[in-house]
1. Given points 7 Å out from each Cα along the Cα-Cβ axis, report the PHE103 to GLN387 separation in nanometres with one decimal.
2. Can you give me the Cα centroid spacing of segment 136-150 and segment 2-80 in angstrom?
3. Whose amide H sits under 5 Å from the amide H of GLN284, counting only residues 5 or more places off or on another chain, with H placed in the peptide plane?
4. Could you work out how far apart the two model spin labels at GLU401 and GLN271 are, taking each label as a point 7 Å from the Cα in the direction of the beta carbon, and quote it in nm?
5. Determine, from the Cβ-Cβ distance of THR279 and LEU5 and an R0 of 51 Å, the FRET efficiency 1/(1 + (r/R0)^6), rounded to the nearest 0.05.
6. What shape does segment 2-117 take by its C-alpha gyration tensor, where a ≥ b ≥ c are the square roots of the eigenvalues and a/c under 1.5 counts as rounded, a/b above b/c as prolate, and the rest as oblate?
7. Using 0.36 nm per residue, how much length does the chain from SER341 to MET66 gain when fully extended, once their Cα-Cα distance is taken away?
Amino acid sequence: MITDLFSAVFANATIGIILSDSRGRMISVSHYALKLFGYTEAEMVGQTIELLVSDSITHLHKNLRMSFNANPQVRPMGHGRGDLYAKRKDGSSFPAEISLSYFYQEEELYVVAYIIDTTYKKEAERVLVEQKNRIEQLNAELEHKVADRTNALMVTLHQLEMSKDELSKALATERELGELKSRFVSMASHEFRTPLSAILTSADLLNKYTTTDQQDKRNRHIQRIKGSVNHLNDILEEFLSVGKLEEGKIEASYSLFDLNDLVDSVIGDMQGMLKAGQTIQTEQDCPEKVWLDQSLIRKMLVNLLSNAIKYSGEDQPIRISLWCRDGQVRISIQDQGIGMSDEDQKHLFERFYRAKNVTTIQGTGLGLHIVAQYLTLLNGSIDFHSQLNRGTTVTLSFHHENHSAH
């Protein structure tokens with residue numbers, strides 16, 4: 001009875017198991033190992049274990065096997081040598097983690113190999129390393145800016161012997177940079193932890209879904225990984241936009257366009273972000289075309305509408321009002337969301353600043369800062385009114401020349 005149970009466990013294990021003797025000949029192979037390597041049992045049993053390694057390292061593997069036989073030790077998963085690759089019947093290879101154990105029976109040494117295909121895990125690790133490198137690059141750039149400002153301060157102190165007021169102002173700038181770095185680190189650790197954790201969890205679960213009938217579960221976790229990576233890319237794009245604005249690499253590009261059509265297009269693109277019962281209502285009074293930067297206006301609308309949707313509850317309306325007359329343009333976005341306190345509004349356009357009542361909601365604290373920079377490029381202005389638990393109204397105002405002749 002016990003022997004039958006052990007045989008069933010061996011045969012139906014969800015990892016590859018291979019039993020071989022001291023000469024490396026495979027004696028027994030689990031069903032999953034047969035599937036993993038693409039052989040039949042008759043094709044593997046009796047063959048040496050070198051059948052499953054690349055031809056280029058067959059001789060090395062034989063030497064390693066002899067060394068193991070001379071001094072057998074249990075080797076856990078991932079221990080010892082670096083990346084390992086196993087060879088299938090069709091000649092293709094796959095990354096693997098291999099654990100070894102052994103036992104003696106009638107003074108004969110037997111070795112048990114446990115094999116896991118780590119293809120999905122390696123891909124997830126690659127994605128994590130890539131995103132980690134991008135984060136480190138951004139942090140290094142910020143560190144470099146802090147260092148440059150500090151060096152500039154020391155040179156100025158030495159050369160000009162700054163007055164007390166000037167020195168206090170410079171030190172305040174340094175404190176601001178320190179606070180900016182602290183906000184960045186705090187925001188990055190929070191915003192990146194959630195998608196990175198989702199990637200790790202899904203990657204681990206992918207290793208468990210090994211049968212054909214579990215493909216839908218694998219697909220679901222693959223989509224979850226892709227969604228998390230896209231979210232990380234969106235965050236990084238905001239960081240890059242701030243950098244380009246500060247370096248003066250973004251300039252206004254004016255053209256004549258229909259503002260009503262642009263607003264309708266943006267609203268259509270954002271329907272998928274709406275919560276249950278939310279609607280976007282428009283009041284358009286803009287009979288003439290406007291001479292502005294269509295791309296920058298679109299980005300500002302997307303940013304402000306995203307905030308209105310994100311900080312409003314279900315079944316709450318969002319209103320957009322347009323008004324154009326005699327070269328004057330006004331765009332208002334109103335919501336009935338959580339609003340913002342007077343104290344938080346003092347820091348409205350600071351980089352990485354987030355109001356105290358939104359710390360549990362995803363966000364970088366860069367959106368309104370970017371909007372303010374775009375407004376500067378277009379010589380526009382912003383009017384912001386908000387009350388806690390009552391909602392927020394943001395109004396953008398522009399002056400443009402009448403270029404209808406174009």
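Every number here is computed from the coordinates shown, using simple stated rules; none is lab data. A quick note: this is a predicted structure, and the numbers were derived from the prediction, not measured. FYI the Cβ positions are ideal-geometry reconstructions off the backbone, even for glycines, and counts take in every protein chain you see.
1. My value for the distance between the label points is 7.7 nm.
2. Spelled out, the Cα-based centre of one part sits 51 Å from the other.
3. Answer set, sorted by chain and number: LEU322.
4. 4.0
5. The pair THR279/LEU5 has a calculated efficiency of 0.25.
6. Judged from the Cα gyration tensor, segment 2-117 comes out rounded (a/c under 1.5).
7. In short, 91.7 nm is gained.
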